[in-house]
Amino acid sequence: MKQIRLANRYAKALFELALEQQLLEKIAKDMQMISVLIEENRELALLLKSPVVNAAKKKSVFSALFDQKVEVLTLKFLNLLAKNGREHTIPQVANSFVIIYDDYLGITNAWLTSADDVNKEVRTTLLKLLKELSGKEIRLFENKNADLLGGFVVKLGDYQYDASTKTLLKKLKDNIKSNLVVAGK
């Protein structure tokens with residue numbers, strides 16, 4: 001929890017600085033790229049967490065990876081984190097920055113999991129309902145999970161709506177069990 005708060009503070013500071021210097025969109029792209037790079041590269045993630053590798057070495061890795069590929073502000077920020085011994089928070093800082101940036105733009109993420117492909121009409125209706133619920137534009141991520149049997153599950157922030165066949169069958173089973181217990185008394 002402490003690390004998340006720390007990452008949020010760094011992300012907010014970078015956001016405000018990027019906004020002030022009119023580099024918000026570029027820094028957001030940098031943070032998205034860094035987040036994906038760390039997520040996809042286990043060695044880099046381990047390097048960031050390693051207490052054995054000193055800050056100078058980590059700064060040289062940042063320069064080798066990001067020089068001429070990211071904004072100067074982004075590279076200075078990464079070096080500052082390394083200097084302060086906070087490089088292990090970079091993945092969380094990058095993710096927090098992207099969330100803050102999306103919120104600034106009025107965008108939120110939603111996840112739709114379904115047993116099969118969702119048709120365009122259902123997707124359009126769902127996006128409209130989620131937009132009304134959140135008051136923001138929706139970036140929808142979709143995936144399939146055959147274990148649901150049918151229906152779908154939607155997640156939007158802390159809200160989850162489960163209309164999957166698997167859950168409906170479980171509720172029906174539980175209801176029948178509880179009614180049998182009551183009837184058996």
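Coordinate-derived values only; no laboratory data. In this text the structure is predicted, and so the values were computed from the model without any measurement. We place every Cβ from the backbone using ideal geometry, glycine too, and count neighbours over all the protein chains shown.
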What ³J(HN,Hα) values, in whole Hz, does the Karplus curve 6.51 cos²θ - 1.76 cosθ + 1.60 give for the stretch 10-22 when θ = phi - 60°, with x put for Gly and Pro? 4, 5, 5, 5, 5, 4, 4, 5, 5, 5, 4, 8, 6
Tell me the angle of helix 165-183 to the major Cα principal axis of the chain, expressed in degrees between 0 and 90 and rounded to the nearest ten. 50 degrees
Nitroxide proxy distance, nm - points 7 Å out along Cα→Cβ at E71 and S50: 3.0 nm
Please check which bits of the stretch 123-159 a label hung off N109 would reach, taking the label as a point 7 Å along Cα-to-C-beta and the cut-off as backbone N under 16 Å. 137-144, 154-159
So, in Å, what gap is there between the alpha-carbon centers of the stretch 134-153 and the stretch 78-103? 28 Å
For the chain the translational diffusion coefficient, Stokes-Einstein from a Kirkwood Rh over Cα pairs at 37 °C and viscosity 0.692 mPa s, in µm²/s, is roughly 168 µm²/s
Contact order relative to length of the chain, as percent, for alpha carbon pairs under 8 angstrom and 6 or more apart: 20 percent
Where the Cα pairs of the stretch 107-183 fall when distances are cut into 5 Å bins, in %: 3, 15, 22, 19, 15, 10, 7, 5, 3, 1, 0
So for the stretch 107-183, averaging the separation of alpha carbon pairs under 8 Å that are six or more residues apart and normalising by length, what relative contact order in percent results? 36 percent
Could you tell me the calculated FRET efficiency between K2 and D102, based on Cβ-Cβ distance and R0 = 22 angstrom, to the nearest 0.05? 0.35
Through the Karplus equation 6.51 cos²θ - 1.76 cosθ + 1.60, θ set to phi - 60°, convert the phi angles of the stretch 140-149 into ³J(HN,Hα) values in whole Hz; use x for Gly and Pro. 9, 10, 10, 8, 10, 9, 4, 4, 6, 6
If you keep only loop residues by DSSP, which chymotrypsin sites (Phe, Trp or Tyr not before Pro) in the stretch 59-150 have at most 12 other Cβ atoms within 10 Å of their Cβ? none
Antiparallel versus total DSSP beta bridges in the chain: what percent is that, nearest 5? 55 percent
Kindly express, to the nearest 10 degrees and within the range 0 to 90, the angle between helix 55-66's C-alpha long axis and the longest C-alpha principal axis of the chain. 70 degrees
Hey, what do the phi angles of the stretch 34-40 turn into as Karplus ³J(HN,Hα) couplings, whole Hz, using 6.51/-1.76/1.60 and θ = phi - 60°, x for Gly and Pro? 5, 4, 5, 4, 5, 5, 8
At R0 = 22 Å, how high is the FRET efficiency between N119 and K170 if r is their beta carbon distance? Nearest 0.05 is fine. 0.30
FRET efficiency estimate (nearest 0.05) - Cβ-Cβ, L19 to K83, R0 25 angstrom: 0.60
Counting other Cβ atoms within 10 Å, keep those with at most 13, restrict to DSSP loop, and tell me which trypsin sites (Lys or Arg not before Pro) in the stretch 10-100 are left. K69
Whose amide H sits under 5 Å from the amide H of E142, counting only residues 5 or more places off or on another chain, with H placed in the peptide plane? L112
Explain nothing, just the number: dipole magnitude of the chain about its Cα centre with +1 on each Lys and Arg Cβ and -1 on each Asp and Glu Cβ, in debye rounded to the nearest 20. 680 debye
